[in-house]
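Working notes, beginning with the structure itself.
The values are calculated or read from the model by the stated rules, or taken from the named source; none is laboratory data. Remember, predicted model here, so these are calculated numbers, not experimental data. We place every Cβ from the backbone using ideal geometry, glycine too, and count neighbours over all the protein chains shown. To get the accessible areas, we keep the full protein, side chains included, count just its heavy atoms, and leave off ligands, DNA and RNA. Shrake-Rupley method; radii C 1.70, N 1.55, O 1.52, S 1.80 Å.
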Amino acid sequence: MTTHLVWFRNDLRVCDNLALAAACRDPRAKVTGIFIATPEQWRQHNMAPRQAEFLWQHLRLLQTSLAERGIELCIKQAKDFAASIECLKAFCASRNVDALFYNYQYELNERERDAAVEKNLGRDVICQGFDDSVLLPPGSVTTGNHEMYKVFTPFSKAFIKRLQEGLPECVSAPGARGEPLVMTQAAPFDYPRDEVDTALFPFGERAAIAKLREFCLTPAADYPERRDFPAVDGTSRLSPYLALGVISPRQCLHRLLKEHPRALEGGAGSTWLNELVWREFYRHLLVAYPKLCRYQPFIPWTDSVRWQQDEKLLTAWQQGQTGYPIVDAAMRQLNATGWMHNRLRMVVASFLVKDLLIDWRAGERYFMTRLIDGDLAANNGGWQWAASTGTDAAPYFRIFNPATQGERFDAAGEFIRRWVPELQAVPGKHIHAPWVWADKQPQTLDYPRPIVDHKQARIATLAAYEAARKPEDKQDEK
Ligand code: FAD
């Protein structure tokens, strides 16, 4: 009997899992699964304890779901990626594995690991990878010169055209391959885990699919009007599930088109579809420009910006103690739940880089240590966009005013009051600049004054970026 091994990584689901479906295609093959935790590697990649908990819970649910189908999922632990290759090799030898199936990961370390696996195992075991975590494979949507797009809008147009020509199909969950198995409890991996708010992010593939269905019913159509307001539940909150592959982008696309068949033609649902395309854009970029995985900016001259080294300012930002209510509310939301609204991710990233003049990489790293949806491609893309160091980034002279952003997107201060209780008593019209009101009160407000003056910070930042730009860079921008 042939033995097929599915190596699960960021694809913790049974429905529409390309590697799992391919491994199960031959009804006579014995199919086994393996997941190898790599705590030391996760530490190096700054994985958030909340994301580790989300992963752990989904791993156990996946194990149960596979066991019901008669498929064993072995959960192993190795120190890092190098050790995981040895672990995999030993497992393949002990189980006489004929073929290995896995879904690609596009980050550099992960790709190097997979190349090493193929080299190490390739002689004895057939290795097959699948482009499962994307709608279209990286490298398949390119300019007329066969290069990766550097600007989102043309990429998006070409991408949508490709989808109009033919949609990537979803594959079914495998059927039962034998009697259900009784699994023994796996020992948890050696990595800190933090509690997840299951009211916000219920565990399980079924819960993720239910969330997707509910969102696609109406909120997806109202998304353009509601998505920018953090006090409103106007986005899908599917990012933690997409990041770990509890749900696939194909499932998202097909469900969206079922409810909103004109989404690909710019009809209802198209704005949400556009967000899924942003996700693809950043993944395709990682493959085209591996330097993005090495903490390097896309625009080289931006590496010469002289950032401030100020631990006190960085800590104030991390803890939501900057004196700018919208920034602080957002950072406290992140620290308490592991998630932050997209509009606020842009606001706090802009504040760290352009008001505090702190290196965007410190923010990128901090986000990863806290986010339940931490994803290198999206996080790096978002940070480089905000810092004006990336492809299709905001121009460096575009600097958000944190008070004005608060006024526009949380006008009544509803979101701010939810996360910054110290401001409960501040009247609505002063909620975005409470220091003005506080100065006229007899009692002091238990809330910090702004740690920087926005106007002065703006001038200093423009000067720092301008100083980093060489004459030839200015020429290139024309
Ligand atoms: P929805 O608005 O419902 O969008 C649906 C899905 O599309 C999301 O779940 C996500 O997978 C994808 N998506 C939406 N917006 C973007 C975007 N701008 N870039 C890439 N994909 C997008 N997203 C992550 O998944 N992980 C991260 O680590 C991450 N870090 C970010 C850091 C910064 C500085 C910024 C500005 C954005 C970051 N994003 C990240 C993108 C975005 O903020 C989140 O995907 C979004 O807020 C998740 O909420 P949602 O699921 O309700 O999104």
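Quick notes on this structure:
- Yes/no for Arg227 being within 13 Å of the ligand (Cβ to nearest atom), open to solvent by 10 Å² or more (accessible area, probe 1.4 Å) and touching a Gly at 6+ places or on another chain (Cβ under 6 Å): yes
- Taken as a whole, the condition of being in a helix (DSSP H, G or I) and modelled with pLDDT of 95 or more applies to Leu212.
- Residue match in segment 233-248 (condition: in contact with a Ser or Thr (Cβ under 9 Å, 6 or more places away or on another chain), part of a helix (DSSP H, G or I), within 12 Å of the ligand (Cβ to nearest atom) and under 27 Å from Leu20 (Cβ atoms)): yes
- Met183 satisfies every condition listed in (1) modelled with pLDDT under 95; (2) open to solvent by 70 Å² or more (accessible area, probe 1.4 Å); (3) farther than 29 Å from Lys161 by Cα; (4) away from the ligand (no atom under 13 Å from the Cβ) except (2).
- Scanning segment 351-371 for residues being near the ligand (Cβ under 9 Å from one of its atoms) and either open to solvent by less than 20 Å² (accessible area, probe 1.4 Å) or under 22 Å from Ile416 (Cα atoms) (or both) gives a total of 5.
- Considered as a group, the residues in segment 388-408 that are within 19 Å of Ile451 (Cβ to Cβ) and open to solvent by less than 10 Å² (accessible area, probe 1.4 Å) include one that is farthest from the ligand (Cβ to nearest atom), and that residue is Gly406.
- Test: residue in segment 323-331 that is open to solvent by 20 Å² or more (accessible area, probe 1.4 Å) and either at pLDDT 95 or above or of a type outside the set (Gly, Ala, Ser) (or both): no
- Cross-chain or 6+ apart pairs with Cβ under 6 Å, segment 202-213 first and more than 15 Å from Arg60 (Cα to Cα), then among the aromatic types (Phe, Trp, Tyr): Ala208/Tyr241
- The listed residue being in a helix (DSSP H, G or I), within 16 Å of the ligand (Cβ to nearest atom), under 18 Å from the mean Cα position of the chain (by Cα) and surrounded by fewer than 18 Cβ atoms within 10 Å (Cβ to Cβ), out of Glu280, Glu275: Glu275
- All of Arg283, Arg294 fail the test of being touching a helix residue (DSSP H, G or I) at 6+ places or on another chain (Cβ under 6 Å) and among the charged types (D, E, K, R), apart from Arg283.
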